Amino acid sequence: MRHRGFQSVGTLLTLLVSVLLVTPIPATGGDVQDDLKARRARLMERLGGDTLFVAFSAPLQVYSRDVEYEYRQDSNLWYLAGTDQEETILVLMPGNSARREILFISEPNPRREHWNGHLLTKSEARALTGIDTVYYTTEFEPFVTALMNGQPFDTPRQAVATDFDAYLAAVGRGQARVSLLFGRRPAPSAELPAIYEFARRMRDRFVGATMVDATPLVEGLRQVKTPYEQQVLRRSLEISSDAHRAGMQAAVPGAYEYEVEAAIERAYLANGAMSPGYPSIVGSGPNATVLHYNKSSRQMQAGDLLLVDAAANYKGLTGDITRTYPVSGRFTDAQKDIYRVVLDAQAAGMRAVRAGGYPADVEQAVASAVRDGLLRLGLITDASGDQFRTWYTHGVCHFIGMDVHDAGDYKRPFEPGVAFVIEPGVYIREAALEMLPDTPENRAFIAAVRPTVQRYRDIGIRVEDSFLLTAQGLVTLSDVPRTIEDIERFMARPAAR
């Protein structure tokens, strides 16, 4: 889905005319609010006193005509404010003596709420986010305009206000900074995201203000999960693991892929998850070799493998789990061969994880194990080069959290609190041989491996688990039958047949 941003602050309300309110992150006592406050405090420590930080909510996305997709909040705003209500703006001003955290929300509107549901009141927004100063979104532009003209906002003319003195002094010196979440840089020919338009308008109107990208700061915080986040992520993976077992029970010859997907996603909602964390991948037979297969329409046949990549979004956090298993209950010998290569590769990746190490260490360990396994099976003839990439086609380690491919710096060493996956996969698509450049070396390679390819043709296997690195070591968060023996034992249960 291509995201469309607002064109300017002045048109934010115009573009966000329809509201589909999704339940905010539920609170457990003060845990959520305390954690949100701590996240904002850590960010403000890094921003500096001459900075105005602004984060905008995500816009609604049109599904078709006058129907929107279910709303999904911008992950960075959600991380800092804990609300998934549209038309929300967060402002942080680290140099202020008071009102350092300011939230702008939509004004309650009975007619609008009749159509689309309840909008937070100011008191509800304070309770949800832990932010004491709350204004309506219509006040954001006057707020920014006052500051950039050297005036405090919402202060009687006769009163002496010192809240904003540090920032106003920076404005007067021509050294004020406006810190925004620019995200990934667009290509030169691409349309500029709305945040760039907002930055341009700020530069044009407020001479001397410097636009700064806060994305690395926020994403750097997101990379290491707080104790509260770790608790929520553990529960999210428990729900996802239960859902995978429900899917395994629904997988039988003659059933359709969508029946497995339905069983999985029913388990999410039955256990309190908000939604899938990402579109489920449920591919049987040859569909298991399609990395992002999303049709879920094939009828499963006896002897098929079923590859399922799915996880729940629970309180805004998602893990990532993939399992591949036989719908008939038992692996064939050929399927076992490939499965062992993948499972051994994942184990090698797990052994490579250590505090102070890097994701690249995991990638290298997994790739080395895959090379050895494919050479042993006769699917490659040379383990020293890139032949193995014919069947091993994606990376294996990514971060998890508010996004399934979560924010993070892959050149930053592992440290306690980092959550990630290890997901090796091998996919035997005969068409991959035809895609190789026509060279003498490749012709010899194809001739040597083609008989073996026939034995393993259309087998696609991926095994993926979610992990948390702690001070005590690596913790596996997902809990779904994983070994050949455990899978066959589970699939033999009466409920699964």
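Within the set 318, 332, the sole residue that is touching a Pro at 6+ places or on another chain (Cβ under 9 Å) and buried (at least 21 other Cβ atoms within 10 Å of the Cβ) turns out to be 318. Return a yes/no flag: does segment 386-402 have any residue that is in a strand (DSSP E or B), of a type in the set (Lys, Arg) and surrounded by 13 or more Cβ atoms within 10 Å (Cβ to Cβ). No.
Residues checked against (1) β-branched (Val, Ile, Thr); (2) modelled with pLDDT of 95 or more; (3) within 25 Å of residue 226 (Cα to Cα):
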{"position": "89", "(1), (2), (3)": "yes, yes, yes"}
{"position": "93", "(1), (2), (3)": "no, yes, yes"}
{"position": "96", "(1), (2), (3)": "no, yes, no"}
{"position": "123", "(1), (2), (3)": "no, yes, no"}
{"position": "130", "(1), (2), (3)": "no, yes, yes"}
{"position": "143", "(1), (2), (3)": "no, yes, no"}
{"position": "148", "(1), (2), (3)": "no, no, no"}
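Considering 335, 346, the condition of being over 27 Å from the mean Cα position of the chain (by Cα), assigned to a helix (DSSP H, G or I) and under 25 Å from residue 260 (Cβ atoms) is satisfied by 335 alone. For segment 2-57, the candidate set comprises residues that are among the basic types (Lys, Arg) and over 30 Å from residue 208 (Cα atoms); within that set, the residue that is modelled with the highest pLDDT is 37. The listed residues are 238, 265, and the only one of them that is closer than 30 Å to residue 37 by Cβ, of a type in the set (Asp, Glu) and either in contact with a strand residue (DSSP E or B) (Cβ under 9 Å, 6 or more places away or on another chain) or in the same structural domain as residue 479 (by TED's automatic domain parsing) (or both) turns out to be 238.
Of all residues in segment 38-56, those that are among the hydrophobic types (A, V, I, L, M, F, W, C) and not in a strand (DSSP E or B) total 5.
Filtering segment 216-229 to residues that are farther than 21 Å from residue 411 by Cα and either hydrophobic (A, V, I, L, M, F, W, C) or under 15 Å from the mean Cα position of the chain (by Cα) (or both) leaves only 229.
Name the residue, out of 434, 363, 415, 423, that is charged (D, E, K, R) and crowded, with 22+ Cβ neighbours inside 10 Å. Result of the check over 434, 363, 415, 423: 423. Taking strands (runs of 3 or more DSSP E) as the structural unit, those lying wholly within segment 238-318 and holding at least 2 residues that are touching a residue at least 60 places away in the same chain (Cβ under 8 Å) and of a type outside the set (Phe, Trp, Tyr) correspond to 305-310, 312-314. Out of segment 438-478, which residues are closer than 22 Å to residue 350 by Cβ, surrounded by fewer than 16 Cβ atoms within 10 Å (Cβ to Cβ) and in contact with an Asp or Glu (Cβ under 8 Å, 6 or more places away or on another chain)? If the condition is that a residue be closer than 22 Å to residue 350 by Cβ, surrounded by fewer than 16 Cβ atoms within 10 Å (Cβ to Cβ) and in contact with an Asp or Glu (Cβ under 8 Å, 6 or more places away or on another chain), then 476 is the only one that fits.
Inclusion of residue 408 among residues that are in a loop (DSSP other than H, G, I, E, B), of a type outside the set (A, V, I, L, M) and surrounded by 17 or more Cβ atoms within 10 Å (Cβ to Cβ) is warranted. Only residues that are under 21 Å from residue 363 (Cα atoms) and in a loop (DSSP other than H, G, I, E, B) were counted across segment 464-482, and they come to 3. Touching a residue at least 12 places away in the same chain (Cβ under 8 Å), farther than 30 Å from residue 233 by Cβ and not basic (Lys, Arg): is that true of residue 471 in this structure? Taking the combined requirement at face value, the residue does not satisfy it. With the structure loaded, tell me whether residue 152 is in the same structural domain as residue 49 (by TED's automatic domain parsing) and closer than 17 Å to residue 91 by Cα or whether it fails that test. Yes: the conditions hold for residue 152. Close contacts from segment 319-337, counting a first residue that is closer than 16 Å to residue 458 by Cα and a second that is modelled with pLDDT of 95 or more and acidic (Asp, Glu), with Cβ to Cβ under 6 Å and a gap of 6+ residues or different chains, come to 327/304.
The values are calculated or read from the model by the stated rules, or taken from the named source; none is laboratory data. Since the model is a prediction, treat every value here as computed from it, not as a measurement. As a convention, Cβ positions derive from the backbone with ideal geometry for all residues, glycine included, and neighbour counts pool all protein chains shown.
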